[in-house]
Amino acid sequence: MSSSSENRHDGTAHQPGLASSAVNSSGAPTNNTSSPSKQKLPPPEKPEEIQKRSFIVGSFWFLVLFLGLPIWWKTTTIYRAELPLNQMMDWADGKACDPVFPIRISIDAPALQNEEIENLVEITKRALDTMNDFPAHRLELEISRSTNAIQTNDLVRDSNSTLTLRLTPGDTAASILHSHAPVLEITYSPDSIPPSGVFASDLALYLATQLREAFAEERDVMSYLFATSSMPSERRPQGPPQDVATSLSKRMTRSLKYSRTYHLTFSLFTSGSVPSSWDIDSAIDEYMKPILDMLGPIHNFTIDTQVQLYATPGVQSQVLSKEDLSSFINAAEWPLSPSIGGAPTVNFIVFIGNQTIGSVSETGASQSWLIPQWGSAYLLPPPSTDHVPSELLKQPVLTFTSHLLSLLGTPQSGPLPMRLSTLTRIRSVDLLLRASSSLGSLARLSLALPSISIPSSVADGVAKSMYHLQLACSNLGGTVGLEHARIAEAEAERAFFEKSMVGQLYFPDEHKVAVYLPLLGPVGVPLFIGLLNQIKAWKSARREKAKKA
């Protein structure tokens, strides 16, 4: 029996595709499957099912490519308005405008003949051109026919002349600049008048030297502004000497930033209950209003006053040292108004008490001090009554007027009309350089950060700034050019500090990866795997079809 059983086992074991049965030592049947290559394969997919799966995968990719991506692109695209970057850099580099400030000088020489004065003017012009080392400063001479002081002053106002050069015959050459009128008085010897046909003259050289000295401070300030601007060094004019530059730096730090309107606040602080009133309005009208009227073409002023009783200063000592002045103003308790209506506030404080300012000078101590970019304070002894009359306020108001001129950046030398004319030109070049620098900084920022948005308001501000810069460059030297420069600087600052741009100055790529990776991982992996499987199935179907063919 054993041999027949073995024969049956051998017979079934050699039949292909059939499983064999055996009995183990315990008598339980066991199954022995065939090799993996001979397993039963699943039925082939129908063409309709393959086509359906292809449509499903294709529909997902269609939604992603033609609906998802456009929506994502539209909603995440950073709007960048077109900026004239080349022109902006030209303004920043000083290539778009060569600022030249023409200064008209009227020459009044009633004792000279027409031919003599014309010849002297021509020789003086040549001497000025030879001595001119600052191209932005150009002195223009014109002949006046006035014969007395009143006519000369009228002529200066009518012809917009900055200075009148009055020539008077005398024994020797001498010059004097009037302290209250823009008149440079020069006496000359009649023998020094150059004859016709002469191209050089000692008198003409003397006139050119005196004119340059009259505008030396303005020339130093302008050269300092150019030297400290963002303009490339090869296009900057030579700056002033080091000691002059140091003095001008302190003056610029002390003065206020230019504004068309300033708000003046006059405050009376007393240590007790009296005085409780003061005649500040009449004092301002009498002692300060004439200067404010002269400043009208450059600045507008609004004024308010206040009285505060029982005001405690920040320093209680009777004699104030130089170190005490910086903490005397009790800003925490005194009602000092901030900037009103967007205009900078200049504070003028009169404190009535027994405190004085210590000084080593034997001539007496000053009772006032200037606070840079803020205002000034004046210490006044208590009056005999509870009212401060305007006569007692004369010296404080005159001091405030002088401090106001310093805070506005007015030059220190020359008659006041001439100083205000110089202030107009200095403020014009300052605003012109500031606006150009802001445009250059904005252009460099746009190039350095390609992903930063640039709204249309920035482009509008840049266009307005460049437009007014061009007008300012064409009208330098007067109040018209100053106004255009002010608008250009304001528009450039507004464009550079656009609030929608400031928040995007630092947005690294790591932030974008952190936003998109949690989304692209779960969504993108199934899409790509499904697409790859579908491509493989399509290739396999093509190979089988090729084999059958």
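The values are calculated or read from the model by the stated rules, or taken from the named source; none is laboratory data. Here the structure is a predicted model, which means the values were calculated and not measured. Note that we place each Cβ from the backbone using ideal geometry, even for glycine, and neighbour counts take in every protein chain shown. Please note that ligands, DNA and RNA were not included when accessible areas were found on the heavy atoms of the full protein model with its side chains. Shrake-Rupley method; radii C 1.70, N 1.55, O 1.52, S 1.80 Å.
Structure summary
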| read-out | value |
| --- | --- |
| Test for Val462: is it β-branched (Val, Ile, Thr), farther than 30 Å from Leu65 by Cα and in contact with a helix residue (DSSP H, G or I) (Cβ under 6 Å, 6 or more places away or on another chain) | yes |
| Residue ID - farthest from Gly94 (Cα to Cα), chosen from residues in region 108-121 that are loosely packed, with under 15 Cβ neighbours inside 10 Å and of a type in the set (D, E, K, R) | Glu115 |
| Test: residue in region 86-104 that is among the acidic types (Asp, Glu), open to solvent by less than 50 Å² (accessible area, probe 1.4 Å) and modelled with pLDDT of 90 or more | yes |
| Residue in region 186-202 that is under 30 Å from the mean Cα position of the chain (by Cα) and of a type in the set (D, E, K, R) present | no |
| Single residue of region 234-287 satisfying the filter (among the acidic types (Asp, Glu) and either touching a strand residue (DSSP E or B) at 6+ places or on another chain (Cβ under 6 Å) or over 30 Å from Asp98 (Cβ atoms) (or both)) that is least open to solvent (accessible area, probe 1.4 Å) | Asp279 |
| Residue pairs meeting the criteria (Cβ under 6 Å; at least 6 apart or on separate chains; first in a loop (DSSP other than H, G, I, E, B), in region 92-105; second acidic (Asp, Glu) and at pLDDT 90 or above) | Ala96/Asp90 |
| Flag if Ala214 is at pLDDT 95 or above, of a type in the set (A, V, I, L, M) and surrounded by 19 or more Cβ atoms within 10 Å (Cβ to Cβ) | no |
| Yes/no for Ser54 being open to solvent by less than 70 Å² (accessible area, probe 1.4 Å), in a helix (DSSP H, G or I) and either touching a residue at least 12 places away in the same chain (Cβ under 8 Å) or of a type in the set (Gly, Ala, Ser) (or both) | yes |
| All helices (runs of 4 or more DSSP H) inside region 401-517 with 2 or more residues being open to solvent by less than 10 Å² (accessible area, probe 1.4 Å) and either free of Cβ contacts under 8 Å to residues at least 40 places away in the same chain or more than 29 Å from Asp293 (Cβ to Cβ) (or both) | 416-448, 456-474, 479-496 |
| Single match in Ile298, Ile284, Ile291 (criterion: part of a loop (DSSP other than H, G, I, E, B), β-branched (Val, Ile, Thr), in contact with a helix residue (DSSP H, G or I) (Cβ under 7 Å, 6 or more places away or on another chain) and modelled with pLDDT of 90 or more) | Ile298 |
| Filter result (farther than 15 Å from Gln355 by Cβ, under 32 Å from the mean Cα position of the chain (by Cα) and part of a loop (DSSP other than H, G, I, E, B)) within region 301-333 | Ala331, Ala332 |
| Qualifying positions in region 155-186 - of a type in the set (Ser, Thr, Tyr), open to solvent by less than 40 Å² (accessible area, probe 1.4 Å) and not in a loop (DSSP other than H, G, I, E, B) | Ser159, Thr164 |
| Enumeration of residues in region 114-144 that are of a type in the set (S, T, N, Q) and more than 36 Å from the chain's Cα centre (by Cα) | Asn114, Asn119, Thr124, Thr130, Ser144 |
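This table checks each residue for (1) aromatic (Phe, Trp, Tyr); (2) in contact with a Lys or Arg (Cβ under 8 Å, 6 or more places away or on another chain).
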{"site": "Ser368", "(1), (2)": "no, no"}
{"site": "Leu379", "(1), (2)": "no, no"}
{"site": "Phe400", "(1), (2)": "yes, no"}
{"site": "Leu407", "(1), (2)": "no, yes"}
{"site": "Arg434", "(1), (2)": "no, no"}
